[in-house]
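The values are calculated or read from the model by the stated rules, or taken from the named source; none is laboratory data. On a predicted model such as this, the values are computed, not experimentally measured, just so you know. With ideal geometry, Cβ positions are generated from the backbone for all residues, glycine too; neighbour counts draw on all protein chains shown. Heavy atoms of the whole protein, side chains included, go into the accessibility calculation; ligands, DNA and RNA do not. Shrake-Rupley method; radii C 1.70, N 1.55, O 1.52, S 1.80 Å.
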Amino acid sequence: MKFKKNIFCIGGGHVGGITMAFIAGKCPQYKVTVYDINKKLIGSWNSDNLPIYEPGLEEIVKSVRNKNLFFTTELAKGIKEAEIIFVCVNTPTKDYGIGAGYAADLYYWEQAARDIMKFSESDKIVVEKSTVPVKTAQAMERILNTSSKKIHFEVISNPEFLAEGTAIKNLEQPDRVLIGYRNTPQGQKARDAIVEIYANWVPKEKIITLDIWSSELSKLASNAFLAQRISSINSISALCEKTECSISEVSLAIGKDKRIGPEFLNASIGFGGSCFKKDILNLVYLCRHHGLHEVANYWEAVIKLNEYQKNRFVEMILNSMFNNLANKKICLFGFAFKANTSDTRETPALTIAIRLLEEKAKLVITDPQALNNAKKDLQKADDTVEYIEDPYKAVKGCDAIAVLTEWEIYKHLDYLKIYKLMRKPAFIFDGRNILDHEKLFALGFNVYPIGKPPMKHF
Ligand code: UGA
């Protein structure tokens, strides 16, 4: 079959793999090829065991793989035959040199740009999907257009707004799609080509075209605003605990204001994930670079409060268990940074686990998807940590449970059975406020929610 266009994607991780599979599913007229340098990852995309757990993903991949969706480790051929190249490589926080700890590391991005330049034999539209600091597209365009070949590269910014666990839903019904372009005849042509892809399933009014820099900054700012909401509600949760007030009531009350809205107001042990911290650090770096120190400090406070919230949770456990955790067994319910994912990048559970181990607590970790990642993350910390998938087996002989991920299954366990299996006095620290606290208290547990008065039997 002859395809209308060839789309090539550099980077087969969460963003590249999922987005391209989805585009292939919606657009049978395009041939979509995903490349990654990691052979094992590509092997896994081509197998029955996909490298990423994401609800709905497997069905899509299975229905289009080797029809119009291909996973490959062949770079040159893919670049040559494509008209449109998406760059979905990761841009972690730089851990060396100027901007270490804040700026984005653009090593992979630049490498991708150089590869595109090296292997291209015709004009290309290069779509920046990785989250990159403002003005990266311009820098990339400069690198690309230094080529001595008579080829034109047009860079488009098309930030992704997927959240893990709901990625397919976010792609199916996005709040908006941003397409940043240069307002030149070539830029407009490239813009139209990308709009054409999304128009296969996204209503026109949700496709926003804007200038490249605004598009890049909107991505950073969106994540900063979302993380700020969590830090804001978490800051109020600390006050609630001191004043015997309930954060759930406060969240409900303020969320009723239409201008505020109800979502993303769940107090927690803090936000995790690969994006929020990285993007805010990036924003902070940009602001400092431009001499905007007050603005940088303002956004940095969102991260500081997140660290504070994790520490506060550990202190709550320590204080309530008589200021001593040595040799006490604590079962961590969940290790993933949020529910419905196996991802543990920047998970608050890791910080909490390490702090508890420092207090010489014994840990048993249970999680329906993230145990393998948890093992890797804690490899160096302590080899005495136990990993048990079945929560009933995991709690056996434990002094306390700490709920660290909001998995639905934890709401529906038989807590009477669990209570009987634990050592007494039994404690539950609900770091996600997902359990029925009154019921647990009635069963005999000492219950410590976030942002609400504790319920204790002594
Ligand atoms: C986030 C954004 O939500 C996406 O829009 C964005 O595209 C993505 O980053 C990205 O830049 O790639 P994600 O990191 O997958 O998505 O996860 P979120 O659902 O945003 O959750 C982040 C953290 O906040 C989790 O640890 C979650 O448990 C926590 N959270 C969320 C709370 O503690 N309280 C809430 O009310 C909501």
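For this structure, a couple of remarks:
- Among all residues of the range 339-351, there is at least one that is over 23 Å from residue 386 (Cβ atoms), under 23 Å from the mean Cα position of the chain (by Cα) and at pLDDT below 95.
- Taken over the range 399-425, residues that are within 24 Å of residue 342 (Cβ to Cβ), open to solvent by 50 Å² or more (accessible area, probe 1.4 Å) and either within 20 Å of the chain's Cα centre (by Cα) or of a type outside the set (Lys, Arg) (or both) amount to 4.
- Note on the range 356-398: among residues that are in contact (Cβ under 8 Å) with a residue 40 or more places away in the chain and closer than 17 Å to residue 340 by Cα, the one that is surrounded by the most Cβ atoms within 10 Å (Cβ to Cβ) is 367.
- Between 244, 249, the distinction of being more than 26 Å from the chain's Cα centre (by Cα) and either modelled with pLDDT under 95 or aromatic (Phe, Trp, Tyr) (or both) belongs to 244 only.
- In the range 92-104, the residues that are closer than 18 Å to residue 303 by Cβ and not β-branched (Val, Ile, Thr): 92, 94, 95, 99, 100, 101, 102, 103, 104
- Conditions (1) more than 27 Å from the chain's Cα centre (by Cα); (2) β-branched (Val, Ile, Thr); (3) modelled with pLDDT of 95 or more; number of the one not met by residue 384: (3)
- Any chance residue 166 is polar (S, T, N, Q), touching a Leu at 6+ places or on another chain (Cβ under 8 Å), surrounded by 15 or more Cβ atoms within 10 Å (Cβ to Cβ) and modelled with pLDDT under 95: no
- Restricting the range 177-187 to residues that are open to solvent by 70 Å² or more (accessible area, probe 1.4 Å) and in contact (Cβ under 8 Å) with a residue 12 or more places away in the chain, the residue that is nearest to the chain's Cα centre (by Cα) is 182.
- Listing of helices (runs of 4 or more DSSP H) fully contained in the range 1-91 that carry 2 or more residues being within 27 Å of residue 122 (Cα to Cα) and of a type in the set (D, E, K, R): 75-81
- Residues located in the range 111-121, provided they are open to solvent by 50 Å² or more (accessible area, probe 1.4 Å) and in a loop (DSSP other than H, G, I, E, B): 121
- Residue within the range 247-261 that is within 10 Å of the ligand (Cβ to nearest atom) and in contact (Cβ under 8 Å) with a residue 24 or more places away in the chain present: no
Condition check ((1) surrounded by 20 or more Cβ atoms within 10 Å (Cβ to Cβ); (2) modelled with pLDDT under 95) across all residues:
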site	(1), (2)
133	yes, yes
143	no, yes
147	no, yes
151	no, yes
158	yes, no
172	no, no
189	no, no
201	no, no
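- Residue 338 meets all of the listed conditions (1) out of contact with any Leu (no Cβ under 9 Å at 6 or more places or on another chain); (2) open to solvent by 20 Å² or more (accessible area, probe 1.4 Å); (3) within 12 Å of the ligand (Cβ to nearest atom); (4) over 30 Å from residue 423 (Cα atoms) but one, namely (4).
- Considering 230, 212, the condition of being open to solvent by less than 50 Å² (accessible area, probe 1.4 Å), at pLDDT below 95 and β-branched (Val, Ile, Thr) is satisfied by 212 alone.
- Residues of the range 427-436 satisfying the condition of being under 20 Å from residue 315 (Cβ atoms) and more than 16 Å from the ligand (Cβ to nearest atom): 427, 428
- Where residue 100 falls short, out of the listed (1) closer than 20 Å to residue 11 by Cβ; (2) of a type in the set (Gly, Ala, Ser); (3) under 25 Å from the mean Cα position of the chain (by Cα): (1)
- Verdict on residue 51 being open to solvent by 40 Å² or more (accessible area, probe 1.4 Å), over 23 Å from residue 193 (Cα atoms), in contact with a Ser or Thr (Cβ under 7 Å, 6 or more places away or on another chain) and of a type outside the set (D, E, K, R): yes
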